[in-house]
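The values are calculated or read from the model by the stated rules, or taken from the named source; none is laboratory data. Being a predicted model, the structure only gives us computed values, none of them experimental. Cβ placement follows ideal geometry from the backbone for every residue including glycine, while neighbour counts extend to all protein chains displayed. Ligands, DNA and RNA are stripped out before the accessible areas are found, and what is left, the full protein with its side chains, is counted by its heavy atoms. Shrake-Rupley method; radii C 1.70, N 1.55, O 1.52, S 1.80 Å.
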Amino acid sequence: MPISIGDKVIKRRKEVKMTQSELAKDICTQSQVSRIEKNEIMPSSETLFLIANKLNVSMDYFFGVEKLNNTIRGKKICQDYLESREFDTLEVFVDAQLQTIISDYEYRYFNWVKAVCSAYTSKDLLDSIQRLEELAGKDINFKDAELEASIYNSLAIFYRDINELQKADRAIEKAKYIIKSNELYNETAVKVYYQYARLLMMSNDYHRCIEFAQEGITMCLDNNIMYLFDRLLYLYCGAKQDINSISDRDKDLFILGYGLAKIKNEIGLIELYEQELTAFKNLLPKMEEAK
């Protein structure tokens with residue numbers, strides 16, 4: 001679970017025997033400090049920086065920053081917050097990192113994360129798209145296929161959200177090219193196929209949803225990757241059902257996906273599978289066996 005900044009603030013404040021009023025002086029109100037410590041509000045990066053100075057700690061203290069592969073400090077934190085969709089907290093962390101001396105590689109990574117966060121915190125997709133386009137168009141002296149695929153995948157998602165379908169398609173094809181040309185057959189690659197297949201399903205673009213979900217499923221099977229496998233099966237079978245082309249093999253895949261969701265105890269996904277029971281009346285006996 002991602003760390004709680006409020007808990008860190010109150011812990012450190014008590015360690016240095018400081019009152020909320022003393023901490024708030026020249027920074028914010030006591031009420032705001034109280035709400036920060038209760039995790040009711042997220043301080044801006046500027047406010048958190050001032051709090052860190054007064055508590056005599058670095059910004060790293062609030063996030064438990066680590067080095068990952070000696071390249072990006074805090075990458076695991078970013079991954080955890082992205083996974084849990086805690087974009088407000090993550091944006092503060094990224095803003096703090098961008099104010100420090102970092103490498104070009106770290107700058108690129110944190111700006112990608114910043115663009116993703118901003119799309120959900122400020123709801124300004126055009127700003128996020130501009131950030132990502134600037135990253136995509138910049139010459140780089142290093143190679144990280146995962147990051148480059150993620151940048152183009154985010155671009156594709158945001159372009160599709162504003163109904164710029166041709167630009168979305170160009171971006172996702174670029175992400176796929178990066179994956180295949182670099183033989184990037186891992187969880188990041190599977191996520192690219194899943195996220196876009198899910199977006200296509202939401203847009204009722206069922207044929208292309210099937211295409212992307214099937215590529216993701218094949219990648220999972222060929223490389224023994226279980227990550228998102230049950231979700232890809234759900235999208236694939238659901239899209240096939242929506243265009244009335246589901247086969248007996250597809251129904252077996254549906255049962256497999258449902259069973260995996262049960263094993264992993266993914267409640268939300270289990271509910272989605274079970275909602276399809278009305279469309280799969282003849283699967284009821286087998287579905288009961290999967291339980």
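Among the residues of region 247-271, those that are over 23 Å from GLU83 (Cα atoms), in contact with a Phe, Trp or Tyr (Cβ under 8 Å, 6 or more places away or on another chain) and not acidic (Asp, Glu) comprise LYS251, LEU253, PHE254. Within region 1-33, the set of residues being in contact with a helix residue (DSSP H, G or I) (Cβ under 6 Å, 6 or more places away or on another chain), farther than 24 Å from ILE77 by Cα and among the aliphatic types (A, V, I, L, M) comprises LEU23, ALA24, ILE27. Assess whether TYR196 counts as being open to solvent by less than 20 Å² (accessible area, probe 1.4 Å) and either free of Cβ contacts under 8 Å to residues at least 60 places away in the same chain or part of a helix (DSSP H, G or I) (or both). Judged against the criteria, TYR196 is a match. Yes or no: LYS167 closer than 24 Å to ALA239 by Cα, open to solvent by less than 20 Å² (accessible area, probe 1.4 Å) and of a type in the set (Lys, Arg)? For LYS167, the condition - closer than 24 Å to ALA239 by Cα, open to solvent by less than 20 Å² (accessible area, probe 1.4 Å) and of a type in the set (Lys, Arg) - is not met.
Checking the structure you have, find out if any residue of region 242-263 is on the phi < 0 side of the Ramachandran plot, under 19 Å from the mean Cα position of the chain (by Cα), buried (at least 16 other Cβ atoms within 10 Å of the Cβ) and in a helix (DSSP H, G or I). Show your work before the answer.
From region 242-263, those on the phi < 0 side of the Ramachandran plot are 242-243, 245-263; that's our starting set.
Then keep just the ones that are under 19 Å from the mean Cα position of the chain (by Cα); that gives none.
The answer is no; no qualifying residue exists.
The combined condition, being small (Gly, Ala, Ser) and modelled with pLDDT of 90 or more, is fulfilled by ALA189. For region 114-126, check the following and say yes or no: at least one residue is surrounded by fewer than 16 Cβ atoms within 10 Å (Cβ to Cβ) and under 18 Å from TYR152 (Cβ atoms). Within region 114-126 (the criterion being surrounded by fewer than 16 Cβ atoms within 10 Å (Cβ to Cβ) and under 18 Å from TYR152 (Cβ atoms)), the answer is yes, since at least one residue qualifies. Scanning region 75-84 for residues that are modelled with pLDDT under 90 and open to solvent by 20 Å² or more (accessible area, probe 1.4 Å) yields a total of 6.
Within region 136-170, if we keep just the residues that are assigned to a helix (DSSP H, G or I) and among the charged types (D, E, K, R), the residue that is nearest to LYS191 (Cα to Cα) turns out to be GLU146. Residue count for region 94-119, restricted to those that are assigned to a helix (DSSP H, G or I) and in contact with a Ser or Thr (Cβ under 8 Å, 6 or more places away or on another chain): 9. Of all positions in region 110-117, at least one carries a residue that is β-branched (Val, Ile, Thr) and closer than 26 Å to ASP139 by Cβ.
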